[in-house]
Amino acid sequence: MLGFRITCLSVLFHFFVFIYSFSFPNTITIVKADEANSEECLVNDKDLLLPYEREFYINGTWMHPNHAQVKTVPVIDPSTAEPIASVSLGGDYDVELAVSAARGALKSWSHLPKGKRRKYVERLLKIYQKRRKEMAKLISMEMGAPIDVALDSQVGSGSYYIKDFLDSFDYFEGERTVPGVNPEEASTTIFYEPVGVVAMITPWNWPMNQVTLKVIPALLVGCTCILKPSEVAPLSSLLFAQMIHEAGFPAGVFNLVNGDGLGVGTQLSKHPNVDMVSFTGSTRAGALVSKNAADSFKRVSLELGGKGANIIFADVKNLADTITSGVWSCFANSGQSCNAPTRMLVQKEMYAEAVDIAKAVAEEEIVKSAHERGDHLGPVVSQVQYDRIQNYIGIGMREGAKLVTGGLGRPEGTNGKGYYVKPTVFADVTNKMTISREEIFGPVLCIMSFETEDEAVEIANDTPYGLTNYVHTANSNRLRRMARALRSGMVEMNG
């Protein structure tokens, strides 16, 4: 099958220019299926409760919040809607301590030889892999990924990226020489320097994927870090901080402060001694981060929402496989991925058949507790998210989209407490409808038709989002044209 990927996803962490580019794999699997099935992965172990769940990791030490009126927030298991832990929310003084620690460690860490920094990350990788079952259980409990998915894909993505950055780091040189235009002109030497102290704000939907994407390259190149994980799913990041400590990183190189976006997130974005903010989350929050960072002229790296178009031309070699893969990709992680192909555009002559296939695939999906083993969909992360998705499904029905399958309410067989959503497919959607224009972040697929290549491009680009698009066609020239015409950071082809 003709297939290639065009990727423009980069992580920037250097003063001058230093870009780590990498492709997001279609499937991330570190633990083989037979190995995963042989491991005990039940999530009701009481010993998983972290000893430091209400503390922060600052300057190499676990410490309690440094303010009198400490607020806490419960961590809710989406499968049961019951609290499993609570974490403290940081304040101004906690942020000051973390930034001061990171600033104090910057000189010695950035001057450490490249090979020695690499050794620390190598030790971290070994610890991460050794404790992967602990990590999988915490992720499953905090954000609702079924335990096998948590072990293979959620935890596996972290292993993948740590390894990938270690490999990429071997090819990076800290300086390069640019010769003069002619022999009489002197050459120029460019030194690549760490950008400095980096604040990292990560989301709840792919915890270790996002933490490792931000933390690992920053540490390798000599930056120091302050991590603020999502307060919705903070437990996995607390375990990651334990791993950092176990790996022996010098005090202050990595720091963690829990908190919400309006509190700790705002303070980090504004802080004059933070040199860069790396943020993944909603478009609304990303705009606030940029505004907060502007006064101190710090660098900002944003990965925001998505409304990816999956464009399927009539010449695909196997329509059933292509539609099936598209539905699965939309529903994966219970639809809670910013790069999910949530808009399926099908060429008109294949449209009716495609809708029938999508309906059948969606109705075969099983939704049940994340505590259970198997390849099924779990709950969405929270009551807020459940209500948001239900609202969008209702809007789609009222605005005239054809409800093919799914709809309002919980799937049959799920308990009355968890945040379970019916896998939902709408057809005959137009780009004027709300469900086509706004990010739902749930297992909801919108299908629409197009006639020509130009029309497909026009529909796909008629969106405020620009993260990922997908194209399926047997025409190699069309693939190249589409890659150039689609306005998104990533375009995946025949994947």
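The values are calculated or read from the model by the stated rules, or taken from the named source; none is laboratory data. Model, not experiment: these values are computed from the prediction. Don't worry about glycine lacking a Cβ; one is built from the backbone with ideal geometry, like all the others, and counts go over all protein chains shown. SASA here: full protein model, heavy atoms, side chains in, ligands and nucleic acids out. Shrake-Rupley method; radii C 1.70, N 1.55, O 1.52, S 1.80 Å.
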Item to complete: Could you run through region 327-350 and say how many residues are open to solvent by less than 10 Å² (accessible area, probe 1.4 Å) and of a type in the set (Phe, Trp, Tyr)?
Response: 1
Worksheet item: Does any residue of region 333-353 turn out to be out of contact with any strand residue (DSSP E or B) (no Cβ under 9 Å at 6 or more places or on another chain), within 18 Å of Gly495 (Cβ to Cβ) and not in a loop (DSSP other than H, G, I, E, B)?
Response: no
Item to complete: Could you tell me which numbered condition Pro411 fails, if it satisfies all but one of (1) in contact (Cβ under 8 Å) with a residue 40 or more places away in the chain; (2) more than 28 Å from the chain's Cα centre (by Cα)?
Response: (2)
Discussion item. Here are the criteria: (1) assigned to a helix (DSSP H, G or I); (2) in contact with a Leu (Cβ under 6 Å, 6 or more places away or on another chain); (3) buried (at least 22 other Cβ atoms within 10 Å of the Cβ). Tell me which single one Met397 does not satisfy.
Written reply: (3)
Practice prompt. Give me the pairs, please: first residue somewhere in region 306-326 and crowded, with 18+ Cβ neighbours inside 10 Å, second residue anywhere and hydroxyl-bearing (Ser, Thr, Tyr) and in a helix (DSSP H, G or I), beta-carbon distance under 6 Å, and either six or more positions apart or on two chains.
Written response: Ile312/Thr322; Val316/Thr322
Worksheet entry | Spans of strands (runs of 3 or more DSSP E) in region 405-495 with at least 2 residues touching an Asp or Glu at 6+ places or on another chain (Cβ under 9 Å) and buried (at least 21 other Cβ atoms within 10 Å of the Cβ) | 444-450, 468-472
Worksheet item: List, please: which pairs have Cβ atoms under 7 Å, are six or more places apart or on different chains, and start with a residue in region 206-225 that is on the phi > 0 side of the Ramachandran plot and end with one that is of a type outside the set (Phe, Trp, Tyr)?
Response: Gly222/Ser110; Gly222/Arg117; Gly222/Pro194
Response to the item:
Listed by first then second residue, the pairs whose first member lies in region 373-399 and is closer than 22 Å to Ser140 by Cβ, whose partner is among the β-branched types (Val, Ile, Thr) and at pLDDT below 95, with beta carbons under 9 Å and at least 6 positions apart or on separate chains, are Pro379/Thr414
Worksheet item: Does region 81-102 include one or more residues that are of a type outside the set (D, E, K, R), over 24 Å from the mean Cα position of the chain (by Cα) and within 17 Å of Pro217 (Cα to Cα)?
Response: yes
Response to the item:
All conditions in (1) within 22 Å of the chain's Cα centre (by Cα); (2) within 23 Å of Asp454 (Cβ to Cβ); (3) part of a helix (DSSP H, G or I) are true of Ser325 except (2)
Worksheet entry | Residue count, region 371-385 (criterion: open to solvent by less than 40 Å² (accessible area, probe 1.4 Å) and more than 19 Å from the chain's Cα centre (by Cα)) | 2
Worksheet item: What residue, of Ile226, Ile190, is surrounded by fewer than 20 Cβ atoms within 10 Å (Cβ to Cβ) and out of contact with any Cys (no Cβ under 8 Å at 6 or more places or on another chain)?
Response: Ile190
